[in-house]
Structures are given as structure tokens and as C-alpha cells.
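These notes are about the structure you will find just below.
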Amino acid sequence: MESKPRIWVLGAGGTIAGTGRSATHAAYQSGQLAADELLTAVDGLEHVAELQAETLFSKGSEDLGPSDWRALALRIDALTARPDVDGVVVTHGTDTLEEAAFFLDLVHQNPKPVVLTAAMRPATALSADGPANLYQAVLACASPRLRGGGVLVTLNGLVLPGWQTIKTDSVAVETFRAYPGGPLARIVGNRLQVFAKPVRAPLAGTFHSLLNHASPLPTVGIVPVYGGCNEKPLALWQHSHGGGMVIASFGAGTLPEPMAALARDMAAAGCVIVISSRVRDALVVPETMTLQGVTGVIAAGYLNPQKSALLLSLALAAGLKGEAIAALFEKFSCIPL
Ligand code: SIN
């Protein structure tokens with residue numbers, strides 16, 4: 001008989017490990033259950049893989065950030081280096097799942113699969129979605145047909161490329177989508193239908209060497225725009241940014257003129273400014289920005305503000321400057337003919 005893949009399940013908190021005081025009450029507390037308790041709720045996993053469980057974080061993902069994802073990535077690095085581990089599944093909160101997946105894709109080099117999953121309903125809810133999502137994540141992690149896709153996200157019967165994952169609904173179980181592409185596979189029961197060839201993210205593993213840096217990643221702030229706003233939201237950061245800023249602009253990169261003027265000054269003074277969009281399915285290219293052609297101002301392509309901030313933070317931590325950083329963002333843009 002063929003031996004089953006050996007998969008390590010890392011618990012990183014979230015609603016999937018959350019519990020509430022009743023099955024119908026909307027409120028609950030995230031990150032209450034350990035990873036091994038999550039596994040015991042999933043019938044049939046023993047037929048898919050040999051599993052080990054470990055709890056890393058016991059909180060909601062609103063309290064996770066780059067230093068936690070670096071710790072998570074280091075643990076994944078250590079586990080995937082082991083000959084007795086074939087892949088890693090991470091249970092995470094949904095609120096920052098897209099950032100965790102993007103971050104992990106930018107730093108993870110080992111070809112062994114890493115699959116993130118989560119849940120929109122706590123473990124104690126009626127029709128909790130966590131057990132099915134965890135089953136599907138283990139199935140995806142065990143599948144040779146999804147090898148080569150780098151970091152993946154599995155929820156609600158879909159397998160998504162990690163870097164493309166976005167959360168689109170505050171409460172619905174069908175909240176996660178892949179943008180700008182689409183899902184790689186669907187899962188029904190124990191069947192996996194793969195309909196796109198898994199490929200690694202544009203900058204997969206590029207920042208692996210930063211995992212062992214002792215210093216924290218530079219904080220890159222995100223400035224929102226709103227109808228009628230002036231330069232004030234950006235001015236709050238003018239003297240306290242960590243070398244770079246992201247602006248969540250209107251549409252395809254437009255800014256109110258007072259904010260555009262201040263952004264020009266900040267860029268001239270050496271702050272790298274990335275223009276993303278407040279629109280959910282964001283696409284900003286250089287020629288659609290108010291600040292088109294301004295040195296030090298970069299279009300985010302398909303990256304939303306939170307993913308842009310992570311990439312910019314890693315680029316600054318690697319010591320990269322304007323044009324080299326622009327070349328990274330270009331990888332996430334449609335290329336002119
Ligand atoms: C969290 O992100 O930890 C809370 C929300 C969720 O997991 O759905």
C-alpha cells in the first residue's frame with residue numbers, strides 16, 4: 001500500500017479556532033482552540049494524510065502582522081526542510097489571510113506545498129465551515145496535481161493562488177476570490193478537479209533571505225482617499241514614514257490635487273510612494289495615475305493597498321531604491337504590447 005503524505009498543520013488562530021457562547025450567537029472569540037483540537041473535528045482526514053499539529057498563535061488575525069508572518073515563515077522553512085514533512089497546512093484568520101498568503105509567497109522558496117485555510121464561522125457555530133475547509137486544505141496539500149503552485153489558499157471548495165487571494169465579503173462563506181486570475185481547482189467531497197496549471201507567483205521566494213534579519217520590517221503606512229479630502233491624511237505621515245507610503249487612490253490612480261502636490265514633495269524628498277486603489281479589484285498603471293511620470297511614484301498594478309504595503313516594506317528592508325522597486329511592482333501589472 002502507498003504511504004500517505006506527511007503533513008504538518010500549524011494553527012495561527014482566527015475564527016476557524018474560534019468559539020462562541022451559543023451556536024447561533026454572532027459574537028465569538030477567535031483563536032481559542034489548539035490545532036490538534038481542530039483536527040479531531042474533521043472526519044476522514046486519516047485517509048488523506050498522516051498529520052501532526054502545532055499551535056503557533058492563539059489570536060485573531062487582526063492582531064497579526066509582518067513580524068508574526070516572519071515567525072510563521074521561519075517555522076514553515078524549518079518544517080519543509082525536514083525529510084519527514086511533505087507539506088504544511090496553516091489555519092489562519094480570514095481578516096489578514098490575503099496578506100499572510102502574499103507575504104509567505106514572497107519569502108517561501110522550498111518547493112514543498114504550503115496551503116492556508118480559514119473559516120468565516122467559529123467552530124461552535126451551526127454549519128461551521130472550518131472542518132470542511134481544513135479537510136480541503138489537507139487534500140490540496142496532499143495532491144501531486146497542485147505541486148509547483150507555491151503558497152495556496154483553500155476555502156469553500158476553491159483552491160486559489162495565494163498571492164491573488166482577496167477577501168470580498170465581511171460575513172459570507174464564499175468570500176475569497178482569486179484576483180486578477182481565478183481559482184486553480186475545485187473540491188467536491190474528496191474529489192479535486194484541477195483546471196489551471198499551478199505556477200508560482202511573480203516574485204515567489206524573492207525575499208527569503210530577509211527571514212533571518214533581526215530588525216523589524218519598515219512600517220509602510222496606507223493613506224486612504226475619500227471624496228472631498230485634501231492632503232491631511234498623507235500629511236500625518238510626512239515626517240514619520242519608514243521610507244515608503246502607499247496611497248489607496250480613487251479608481252485607477254487619481255488623487256485630489258492637494259494630496260497629489262504633497263505626494264510630489266514627499267517623493268522629491270526620497271519617500272517611495274506606491275499608488276494602489278481603494279477599488280476592490282484594483283488596477284493602477286503608470287499612465288492612469290494623477291502622478292504619472294513623477295520620479296519616486298510607482299503604480300501598484302494589480303496589488304491592493306495592503307499587498308502593496310507588504311511588498312514595499314520587504315523591498316525597503318532589502319535596501320532597494322526607486323527604479324528597482326518599480327521593477328518589482330511592474331511584475332504585478334499588465335505589460336504594454
Ligand atoms: C480573524 O481574522 O482572525 C477573525 C476573522 C476570521 O477569521 O474570519
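Can you give me the long-range amide H partners of THR254? Hydrogens built in the peptide plane at 1.01 Å from N, cutoff under 5 Å, separation of 5 or more residues or another chain.
The answer is THR290.
Using alpha-carbon positions, what is the distance between the centroids of region 65-112 and region 1-60, in Å?
Comparing the Cα centres of region 65-112 and region 1-60, I get a distance of 16 Å.
Heavy atoms only, probe 1.4 Å: what % of the accessible area of region 218-330 goes to carbon and sulfur, would you let me know?
56
Can you tell me how region 6-194 classifies by the Cα gyration tensor, rounded, prolate or oblate, using a/c under 1.5 as the rounded cut? Could the numbers behind the result be given before it?
On the way: a/c = 1.28, a/b = 1.26, b/c = 1.02.
Rounded.
Set Lys and Arg Cβ to +1 and Asp and Glu Cβ to -1, take the dipole of the chain about its Cα centre, and tell me which of PRO286, MET120, GLY243 lies farthest positive.
Checking the options against the dipole of the chain, the answer is PRO286.
Can you give me the solvent accessible area of ARG75 with a 1.4 Å probe, rounded to the nearest 10 Å²?
Around 70 Å² of this residue is reachable by solvent.
Would you work out the relative contact order for the chain, in percent, from Cα pairs under 8 angstrom that are 6 or more residues apart? Spell out each step's value before the answer.
Working: 783 pairs, mean separation 44.4, N = 337.
That works out to 13 percent.
Using the structure shown, list the pairs from LYS197/LYS331; LYS197/LYS321; LYS112/LYS307; LYS59/LYS331; LYS59/LYS197; LYS4/LYS331 with a Cα-Cα distance above 31 Å, or answer none.
Working: LYS197/LYS331 19 Å; LYS197/LYS321 34 Å; LYS112/LYS307 23 Å; LYS59/LYS331 33 Å; LYS59/LYS197 35 Å; LYS4/LYS331 37 Å.
In this structure, LYS197/LYS321; LYS59/LYS331; LYS59/LYS197; LYS4/LYS331 lie more than 31 Å apart at Cα.
So if I place +1 on the C-beta of Lys and Arg and -1 on the C-beta of Asp and Glu, and nothing else carries charge, what would the dipole magnitude of region 6-194 be about its Cα centre? I want it in debye, nearest 20.
With only Lys, Arg, Asp and Glu charged at Cβ, the dipole is about 380 debye.
Sequence gap at least 6, Cα distance under 8 Å: using those rules, report the relative contact order of region 6-194 to the nearest whole percent.
It rounds to 22 percent for region 6-194.
Would you mind working out the magnitude of the charge dipole of the chain relative to its Cα centre, with +1 at each Lys and Arg C-beta and -1 at each Asp and Glu C-beta, to the nearest 20 Debye? All intermediate terms of the calculation are to be shown ahead of the outcome.
Values: 24 positive and 27 negative charges, 86 e Å.
With Lys and Arg at +1 and Asp and Glu at -1, about 420 debye.
Pairing the Cα long axis of helix 257-268 with the longest principal axis of the chain, what angle in degrees results, from 0 to 90 and rounded to the nearest 10?
Approximately 90 degrees, to the nearest ten.
If R₀ is 51 angstrom, what is the calculated FRET efficiency for the pair ILE335 and ALA23, using the beta carbon separation as r and rounding to 0.05? Don't skip to the answer; put the middle values down first.
On the way: r = 50 Å, r/R0 = 0.99.
According to the calculation, E is roughly 0.50.
Accessible area per residue for the chain in Å², computed with a 1.4 Å probe and the full protein assembly in place, what is it?
43
Could you work out [θ]222 nm for the chain from helices alone, using -39500 (n - 2.57) per DSSP H run of at least four and dividing by all its residues? Round to the nearest 500 deg cm²/dmol.
Details: 8 runs with 83 residues, N = 337.
-7500 deg cm²/dmol, from helical runs alone.
Collect residues whose amide H, placed 1.01 Å from N in the peptide plane, falls under 5 Å from the amide H of GLY221; neighbours closer than 5 in sequence don't count.
GLY242, VAL246
Just to confirm the number: angle between the C-alpha axis of helix 305-317 and the first principal axis of the chain, 0 to 90 degrees, nearest 10?
Value to nearest ten degrees: 80.
Rounded to the nearest 10 Å², what accessible area does TYR226 have for a 1.4 Å probe in the complete protein model?
That residue has around 110 Å² of solvent-accessible surface.
Ignoring the sites themselves, what is the longest stretch of the chain with no GluC sites (Glu not before Pro) in a DSSP loop and at most 16 other beta-carbon atoms within 10 Å?
3-173
Go through SER61, GLY14, ALA267 and say which Cα lies farthest out towards the positive end of the charge dipole of the chain; charges sit on Cβ, +1 for Lys and Arg, -1 for Asp and Glu.
ALA267
When the chain is treated as a GNM, springs tying every alpha-carbon pair under 10 Å, which of MET245, MET259, MET120 comes out with the largest mean-square fluctuation?
Comparing MET245, MET259, MET120 in the GNM, the peak value goes to MET259.
For region 218-330, with only Lys/Arg (+1) and Asp/Glu (-1) charged at the beta-carbon, what is the dipole magnitude about the Cα centre, in debye rounded to 20? All intermediate terms of the calculation are to be shown ahead of the outcome.
Details: 6 positive and 7 negative charges, 51 e Å.
About 240 debye.
Quantify, in whole percent, the carbon and sulfur part of the accessible surface of region 6-194 (1.4 Å probe; protein heavy atoms only).
48
Residue by residue through region 200-211, what is 3J(HN,Hα) from phi via Karplus (6.51 cos²θ - 1.76 cosθ + 1.60, θ = phi - 60°)? Round to whole Hz and write x for glycine and proline.
Each residue of region 200-211 in turn: 6, 5, x, 10, 3, x, 4, 9, 3, 5, 6, 4 Hz.
Charges on Cβ only, +1 for Lys and Arg, -1 for Asp and Glu, centred on the Cα centroid of region 158-216; of PRO216, GLY189, VAL173, which one is farthest towards the dipole's positive end?
Result: GLY189.
Cα gyration tensor of region 218-330, axes a ≥ b ≥ c as square roots of the eigenvalues: rounded (a/c below 1.5), prolate (a/b > b/c) or oblate? Intermediate results must be reported in sequence, preceding the final value.
Details: a/c = 1.43, a/b = 1.16, b/c = 1.24.
Cα axes put region 218-330 in the rounded bin.
Taking θ = phi - 60°, what integer Hz values does the Karplus form 6.51 cos²θ - 1.76 cosθ + 1.60 yield along region 12-22, in sequence order, with x for Gly and Pro?
Going residue by residue, I get 10, x, x, 5, 4, 9, x, 9, x, 7, 8 Hz, with x marking Gly and Pro.
For the chain, what is Rg from Cα atoms divided by 2.2 N^0.38 Å, rounded to two decimals?
The chain yields a ratio of 1.01.
Counting only residues 5 or more places away or on other chains, whose amide H sits under 5 Å from the amide H of SER249 once H atoms are built in the peptide plane?
The list, which skips near neighbours in sequence, is SER276, SER277, ARG278.
Ranked from the most accessible area to the least, with a 1.4 Å probe and all protein chains present, what is the order of VAL274, VAL285?
Numbers: VAL274 0, VAL285 25 Å².
Sorted descending by solvent-accessible area, the residues read VAL285, VAL274.
May I ask you to compute the full-extension gain from GLU2 to VAL279, defined as 0.36 nm times their residue separation minus their alpha-carbon distance, rounded to one decimal in nm?
94.9 nm
The values are calculated or read from the model by the stated rules, or taken from the named source; none is laboratory data. Values in this document were obtained by computation on a predicted structure and should not be read as measured data. Note: ideal-geometry Cβ built from the backbone for every residue, glycine included; neighbour counts use all protein chains shown. Quick note on the areas: whole protein, heavy atoms, side chains included, nothing else; ligands and nucleic acids left out. Shrake-Rupley method; radii C 1.70, N 1.55, O 1.52, S 1.80 Å.
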